[in-house]
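The values are calculated or read from the model by the stated rules, or taken from the named source; none is laboratory data. Being a predicted model, the structure only gives us computed values, none of them experimental. Quick reminder, even Gly has a Cβ in these numbers, built from the backbone with ideal geometry, and neighbours come from all protein chains shown. Heads up: the accessible areas ignore ligands, DNA and RNA and are worked out on the full protein's heavy atoms, side chains in. Shrake-Rupley method; radii C 1.70, N 1.55, O 1.52, S 1.80 Å.
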Amino acid sequence: MSLASANTVKPAYAIAAVALRTNQGQWKAYESQGNCVVLAGPGSGKTKTLTIKMARMLAEDVKAPRGIACITYNNQCARELKRRLAFLGVENGRRVSIGTLHSFCLQHIILPYARLAGIAVPEPLKVAMKAELDRCWTRAVERVKGTDEPPVDWIFRCEVYRRTHLDRDKSEWYGDHEDVAKIVEEYEEALQDNGLVDFDTIILIALQLIERHEWVRRALRSRFPILVVDEYQDLGLALHRIVLSLCFKANMRLLAVGDPDQSIYGFAGADPTLLQDLAKRDGVEPVRLQLNYRCGPTIIRASEVALGEARGFKSGTEEAGTLDIYERPLGLEDQASFVCDSIIRDALGRRDGRQLGDIAILYRDRYDGDVVAKAVEDRGWDFIRIDQGNPYPRSPIVFWLEDCAAWCAEGWKTGSPRLSELIWAWSRFNESVVSDAERLRLKRGLVNFLHSNRDANRPLRDWLSDFRSVCLDESLRREPRLRDDNAAVKKLSEVCAADTRLAGFTVCAFGGQCGSGTHLNLMTLHSAKGLEFDIVVMMGLEEGRLPNYRATTEPKLQEERRLFYVGLTRARHEVHLVYSGWYRTRYGVKRKGASRFVDSVALALTTTADEMDNASP
């Protein structure tokens, strides 16, 4: 290639950006020069827009060795962003840091600056495991309320209180609920006494460092002149205050992306008004993405009716989409059987090439998941389950193991995931190793294992057993911050052993847990956010369950609406709503009919059909 022709080769992000020109909102976000908030509806291409814009900012607006910090809601979101950016030639860890709020606070704020600011943190810093958390909460409740009070009655209230009351030196700390505040204080003292922190403690310490110390803000801005936040609506008050300090005091440039209508984690402190207020601030350019490339007009109309507000979304697909409602009067087991034997079997036959992996069954909680999983197992189908009843916890190491398995299956041929990304993540997990020789040994051990085990059909239990003996267990035992991951890997080994449900899992199946074509998807409505499928089946849609009977205030009812809305908008082609009109509780059977959301959608679809009939010649 000549020098002249080399100079005309466009970078990958510039080539990808051509596709944004036809969408006014996407192009406006891509061209933004200052603080920008992108309000992105379902299926609007927000991840594509976000990653292309990030790649451009890194190339054009940030001079090496400075970089960009990207905060997102969970490890699954971070994983998808890393994958998309890799295709644009941007690798995580070089000049881009992509991770959860917890990892950002720990890696880039607490570890480098806490002790310099005089804040004592445990050494080594150990994140408490669930059993340790339970013991600390039990001690706290006993000291404040006595031994007659069950800790479980207080823990959830205390966790929400910690995430929404961030200032301990203000009157509201005790004024809103003194007993809860005192239990929180006792709990935090118990953690400290045991040399532990939890995830909320990590965020609180980081917030304190950022808000109280200008030099910390300057140091962060020097390293990361641009801050990107994905799924802003899910991240809560602490993240919002971190953003206000970094971007409007220290002048970090902000790119925030989210959708207030998909804010469904109020129990974790999420508040959709924070994103709405951010978009209205002086010095912020708001951009709306309103073209939905996923859902047809029928599904879009139903979702806006369920939401209770028109948003003006337009469909970018040629297929109208369908929505059907079914009453199955014999209860949840009857619903599950009908879904398997009628809805799914018919759907598989309606389109050539359609597989179980194109279908998702969504439900309220793990108990519904147990019923559905049994029905699916009885029919001999493979499935992926994402809820608290999932056979194994999906920790950061487990996500990484899934990527390693994907590389061993077919990824080594396709370059997805990239071997360099797997190696870099492995180095991050082994953070206590400081010598170059030892790091080189760890990398060689990983690469040798992966290259020697490129067999998509190998049983997962054998692959994992060898992986653990070669290098994995050594690191899990050594690193204090991998204690939860160590327990997760042990659990994974147990559930894929002989005579278990995952005994037949292969390397290929495990590596496809982020979306396997041959496995039916079972998940809670909360777990489905951010995903999409050809067909979505929502079941257990009784009044009192969705909306939950506890949703007695308008804010809680609106969050239930948003949860239903999220479920509907996961579908590309078909939505199926299933209910019985009654459900069982510990206090007996509740007969309240179909969910009010189902009734509103049914009425809207009937009205639309009548209007079309009246308009016909």
**Prompt:** How much solvent-accessible surface does Phe199 expose, in Å² to the nearest 10, with a 1.4 Å probe and all protein chains in place?
**Reply:** 100
**Prompt:** So what's the gap between the Cα centers of region 173-241 and region 250-292, to the nearest angstrom?
**Reply:** 20
**Asked** Once amide H atoms are placed 1.01 Å from N in the peptide plane, what residues at a sequence separation of 5 or more from Glu532, or on another chain, have their amide H within under 5 Å of its amide H?
**Response** none
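Got a sec? What order do Arg294, Arg135 fall in by accessible area at 1.4 Å, biggest, i.e. largest, first? Before the final figure, lay out the partial values.
On the way: Arg294 25, Arg135 150 Å².
Output order, biggest surface exposure first: Arg135, Arg294.
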**Request:** Note the listed values (i) 142; (ii) 195; (iii) 233, then indicate which one is volume of the Cα convex hull per residue in Å³ calculated from this particular structure.
**Result:** (ii)
**Prompt:** Rg and Dmax of region 437-540, using alpha carbons, in Å: what are they?
**Reply:** 16.8, 56
**Request:** Give the calculated FRET efficiency between Lys556 and Val9 to the nearest 0.05, with a Förster radius of 45 Å applied to their Cβ-Cβ distance.
**Result:** 0.25
**Prompt:** What ranking, highest mean first, results for peptides 123-131, 39-47 when packing means the other Cβ atoms within 10 Å averaged over each residue?
**Reply:** 39-47, 123-131
**Net charge of neighbours whose Cβ lies under 11 Å from the Cβ of Arg379, counting Lys and Arg as +1 and Asp and Glu as -1** = -2
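Using helices alone, what [θ] at 222 nm do you get for the chain, with -39,500 (n - 2.57) per DSSP H run of 4 or more residues, divided over all residues and rounded to the nearest 500?
-14000 deg cm²/dmol
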**Request:** Hey, can you grab everything whose amide H is under 5 Å from the amide H of Val229? Only 5+ residues off in sequence or another chain; H modelled, so Pro and N-termini drop out.
**Result:** Ile71, Leu255, Ala256, Val257
**Request:** Arrange the peptides 204-214, 549-559 so that the one whose residues have, on average, the most other Cβ atoms within 10 Å appears first.
**Result:** 204-214, 549-559
**Complete:** Quick calc: nm separation of the 7 Å Cα→Cβ label points for Thr164 and Asn548 -> 1.3
**Item:** Cross-link pairs beyond the 20 Å C-alpha cut-off, checked among Lys126/Lys170; Lys46/Lys82; Lys145/Lys182; Lys48/Lys443; Lys28/Lys280
**Value:** Lys126/Lys170; Lys48/Lys443
**Request:** Express in Å², to the nearest 10, the accessible area of Asp378 obtained by rolling a 1.4 Å probe over the protein heavy atoms while all chains stay in place.
**Result:** 100
**Prompt:** Where does the Debye-calculated log10 I(q)/I(0) of region 200-327 sit at q = 0.16, 0.18, 0.21 Å⁻¹, using only Cα point scatterers of equal weight, no solvent?
**Reply:** -0.88, -1.01, -1.23
**Message:** Just to confirm, what accessible area per residue do you get for the chain at 1.4 Å probe, in whole Å²?
**Reply:** 45
**Request:** Could you look at the chain and say what percent of its accessible area is carbon and sulfur, using a 1.4 Å probe and all protein chains?
**Result:** 50
**Item:** Prolate/oblate/rounded call for region 282-322, Cα gyration tensor, a/c under 1.5 rounded
**Value:** oblate
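What translational diffusion coefficient, to the nearest whole µm²/s, does region 355-484 have by Stokes-Einstein, given a Kirkwood radius computed over alpha-carbon pairs, a temperature of 20 °C and 1.002 mPa s viscosity?
127
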**Asked** What's the long-distance tail for region 528-596, i.e. % of Cα pairs beyond 21 Å?
**Response** 31
**Complete:** Highest mean packing first, using Cβ neighbours within 10 angstrom, the peptides 584-590, 317-323, 85-91 sort as 85-91, 317-323, 584-590
**Solvent-accessible surface (1.4 angstrom probe) belonging to Asp271, in square angstrom, nearest 10** = 60
**Message:** Viscosity 1.567 mPa s, temperature 4 °C: what is the translational diffusion coefficient of region 387-464 from Stokes-Einstein with a Kirkwood Rh over Cα pairs, rounded to a whole number of µm²/s?
**Reply:** 96
**Request:** Quick one: of Lys53/Lys314; Lys130/Lys491; Lys130/Lys249, which pairs are farther than 26 Å apart, Cα to Cα?
**Result:** Lys130/Lys249
